[in-house]
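Accompanying notes for the structure given below.
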Amino acid sequence: MASFYISFDVNIYRDLHEPALVIGGCFVLVALILSLLLVFQHLRYYTNPAEQKWIVGVIFMVPVYATESILSLWNSKLSLACDILRNCYEAFALYSFGSYLIACLGGERQVVELLEDESRKQISQSLLGGEEKPVTQKGTLYNFIFHPYVVGKHLFTIEKFGLVQYMILKTVSAFLALILEIFGVYGDGKFNWHYGYPYITVVLNFSQMWALYCLVQFYNVTHHKLQSIKPLAKFISFKAIVFATWWQGVGIALLCSLRVLPKERKFQTGLQDFLICIEMAIAAIAHVFVFSSKPYHYVPTSVYEEFTAQKAETTLNIEDGEKSAVVEKIETKVEVPGTSVRESVQDIVVEGGQKVVKDVVLTINQAMGPVEKGMTKIQETFHQTSVDDEKEEKQETETMIKEQEENSSGNNRYKRETEIKIEEQEHKLSRDNRSQVSVSRDKTS
């Protein structure tokens, strides 16, 4: 029966492989053309580097996913290597999206100020509401989950840590999977606890969920300041790629392990790759509208004109007296000439790379901080224990010395008393002898 299932699975894969490769290739071609064209437009009109360097990172997720998926579908032997590269870039894309939101808010310093303002407003409202226990008296983690508005600048730290930890864990897990596969103990797609796949899947699942949750909480607090970029559409389009592809792979592996789908490894990876090829074409179409380069083709300029139909009034001090005039601020857009693609790429690689390295180092230091404190506390405990032991040993030694001295002094007293008794006895014997001698002399005389 087992051989029948194996041959049946092999026949299904062989019959479906070529049609899937052709269809998937067509979708990949659409995804590559649209995505690369959109990337080129951003590089050509690179007028806002702080935002566009991260937009390019997010958009480039589509060609990376599409290329690796079609290669893996074409040759199943490349599936593990392609999966590793795909996972690494997925983590970087999530980090890029978070950095893009921060850039749209004006940078890290402005984000911290914004979060602090939101925290003060929320705390004031809670105090005016007459809450018995202010939310500030609760733990930071509790407030982050239930009251993210009051966390303040710590929300930015938690959000940054959540994104970077996933990027680090995803990369480390990818290379760990490669090492385990070399030794034959990875078991890709097998929910068998004798292999490394289920353990890595569980760790990455929690890591990804935490990263996405941090991003959601950050979005909930700042979305009113991001209305100009239509953040909801961007958030949904990006989250759908990250979330759907991950759970899609886990779901296919689970269905194959339950024999709902053919259990052959080639069929499992091929189905995942084929679906990703189709999904990347859909994502590329969505990115054309969601991450359009048109807003960066123009630079806004401010022109002030007197106008009588606006609400904004300003008081002008004139020599004759005070008169009111109405001023309208009209935003006009000036089309800018194209920028150098080479310089744009250089800025993305150099500046973006330095920012990533800086955040990774900062996150590692933040993660190592509690570990170092714990190690320091353990060392202090061991040191205190050793000091206490030394004190106890010293006290015991001093006690023993005192006891020996007391014993020695007691022995000396006993010895002296004995010597005195002996001297007394000798003196008595000597006196008795002298008495006997005198008596004998008397008798003789």
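All of the numbers you see were taken from the coordinates with simple rules; none came from a lab. Computed from a predicted model, the values in this text were never measured in an experiment. Cβ placement follows ideal geometry from the backbone for every residue including glycine, while neighbour counts extend to all protein chains displayed.
General remarks:
- Phi-based couplings in Hz for the range 241-254 (Karplus 6.51, -1.76, 1.60; Gly and Pro marked x): 5, 5, 6, 5, 5, 5, 5, 5, x, 5, x, 5, 4, 5
- Label-point gap, in nm, between Gln346 and Ile179 - each point 7 angstrom along Cα→Cβ: 3.9 nm
- About the centre of its Cα atoms, the range 16-112 shows a dipole size close to 200 debye [charges on the beta carbon of Lys, Arg (+1) and Asp, Glu (-1) only; nearest 20 debye].
- Across Lys294/Lys358; Lys77/Lys263; Lys121/Lys170; Lys160/Lys234, pairs whose alpha-carbon gap is larger than 28 Å: Lys294/Lys358; Lys121/Lys170
- Under-5 Å amide H pairs with Leu261, H placed in peptide plane, nonlocal only: Cys256
- Amide H contacts under 5 Å for Thr339: Tyr45, Tyr46, restricted to partners 5 or more places along the chain or on a different chain, H placed in the peptide plane at 1.01 Å from N.
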